[in-house]
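Inspection log for the structure reproduced underneath, given as structure tokens.
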Amino acid sequence: MGYRFKDLTAACHDDWRAYLEHDFVRQLADATLEQEAFRHYLKQDYLFLVHFARAYALAAYKSRSLADLRHAHEGLKAILDLELGLHVGFCRDWGIGEEELDGLPEARATMAYTRYVLDTGHRGDLLDLHVALAPCLVGYGEIADWINGRAGTLRGDANPYDAWIAMYESDEFQAARRAEEAWLDARLAEVTPRRFEELATVFRDATRLEIDFWQMGLDCAL
């Protein structure tokens, strides 16, 4: 029996839980997150998503089959047509205009994770790239599940961050998450134990960089 995506999360269980249940996420879920921290996160996440769109374009370039090319295209569409479009709207609602977004400086945590993903994609193969991307696409879907499973989570008008939660629990985003997990499961089923350990290292590093990104938001750091 081959490997599956859940084996990657199991290989770095503590880091994965620290990412999914970070204080930024907890405070966002129970509406205690400082609004300036959320604004800072929104600005950096805009830059983050721009680079992730580039990463899915790289995935399309590295695809060797029509199925993989279509999968990369769907990932790119999820970012450009769903996340980035909604994100610009979120930013506008929080007093951040497109002109400001275009001139933002990148935080070190933003540069670290996005460049790690792009570097992994350039030096590795298509599977390396998707494993590096997975903590974002799959992870945000799991975070929405975790938020909604918490007793202390506030929803609706009681939580100013409810629209953010709604985006990641949406049918469109969850469908993209499931498609990515299915793609990873199919490829991981064919890898050797040695290759799996290489991929687990990529996934662990990417997860740790995601933790740093949450902390950057919480600290309003550049």
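Observations
- Residues in the range 116-136 that are touching a residue at least 12 places away in the same chain (Cβ under 8 Å), of a type outside the set (Ser, Thr, Tyr) and more than 19 Å from TRP183 (Cα to Cα) were compared, and the one that is surrounded by the most Cβ atoms within 10 Å (Cβ to Cβ) is LEU118.
- Scanning the range 82-105 for residues that are outside any loop (DSSP other than H, G, I, E, B) and either in contact (Cβ under 8 Å) with a residue 60 or more places away in the chain or in contact with an Asp or Glu (Cβ under 9 Å, 6 or more places away or on another chain) (or both) gives LEU82, GLU83, LEU86, HIS87, VAL88, PHE90, CYS91, ARG92, ASP93.
Condition check ((1) of a type in the set (D, E, K, R); (2) under 14 Å from the mean Cα position of the chain (by Cα)) across all residues:
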residue	(1), (2)
LYS6	yes, no
ALA10	no, no
HIS13	no, no
GLU36	yes, no
TYR46	no, yes
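- Residues that are at negative phi and assigned to a loop (DSSP other than H, G, I, E, B) within the range 177-222 comprise ALA189, GLU190, VAL191, THR192, ALA221, LEU222, listed in sequence order.
- Considering (1) in contact (Cβ under 8 Å) with a residue 24 or more places away in the chain; (2) acidic (Asp, Glu); (3) over 26 Å from ARG108 (Cβ atoms), the lone condition that ASP171 does not fulfil carries the number (1).
- Output for the range 104-115, where each listed residue is surrounded by fewer than 22 Cβ atoms within 10 Å (Cβ to Cβ) and of a type in the set (Gly, Ala, Ser): ALA112
- Among the residues listed as GLY139, GLY152, GLY217, the single one being surrounded by fewer than 14 Cβ atoms within 10 Å (Cβ to Cβ) and either touching a residue at least 24 places away in the same chain (Cβ under 8 Å) or among the aromatic types (Phe, Trp, Tyr) (or both): GLY152
- The residue that is nearest to HIS87 (Cα to Cα), counting only those in the range 28-46 that are among the aliphatic types (A, V, I, L, M) and in contact with a Cys (Cβ under 8 Å, 6 or more places away or on another chain), is LEU42.
- Exactly one residue out of ALA31, ALA10 is part of a loop (DSSP other than H, G, I, E, B), surrounded by fewer than 19 Cβ atoms within 10 Å (Cβ to Cβ) and touching a helix residue (DSSP H, G or I) at 6+ places or on another chain (Cβ under 9 Å): that is ALA31.
Conditions (1) modelled with pLDDT of 95 or more; (2) among the hydrophobic types (A, V, I, L, M, F, W, C); (3) in contact with a His (Cβ under 7 Å, 6 or more places away or on another chain), marked per residue:
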| site | (1), (2), (3) |
| --- | --- |
| GLU172 | no, no, no |
| ALA176 | no, yes, no |
| TRP183 | no, yes, yes |
| LEU188 | yes, yes, no |
| VAL202 | yes, yes, no |
| ARG208 | yes, no, no |
| PHE213 | yes, yes, no |
| GLY217 | yes, no, yes |
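- Some residue of the range 190-202 being surrounded by 15 or more Cβ atoms within 10 Å (Cβ to Cβ), within 26 Å of HIS73 (Cα to Cα) and touching a Ser or Thr at 6+ places or on another chain (Cβ under 8 Å): yes
- Helices (runs of 4 or more DSSP H) wholly inside the range 106-176 containing at least 3 residues that are closer than 18 Å to LEU58 by Cβ: 108-123, 126-149
The values are calculated or read from the model by the stated rules, or taken from the named source; none is laboratory data. Please read these numbers as outputs of a predicted model, since none were measured by experiment. All Cβ positions, even for glycine, are placed from backbone atoms using ideal geometry, and neighbour counts span all protein chains on display.
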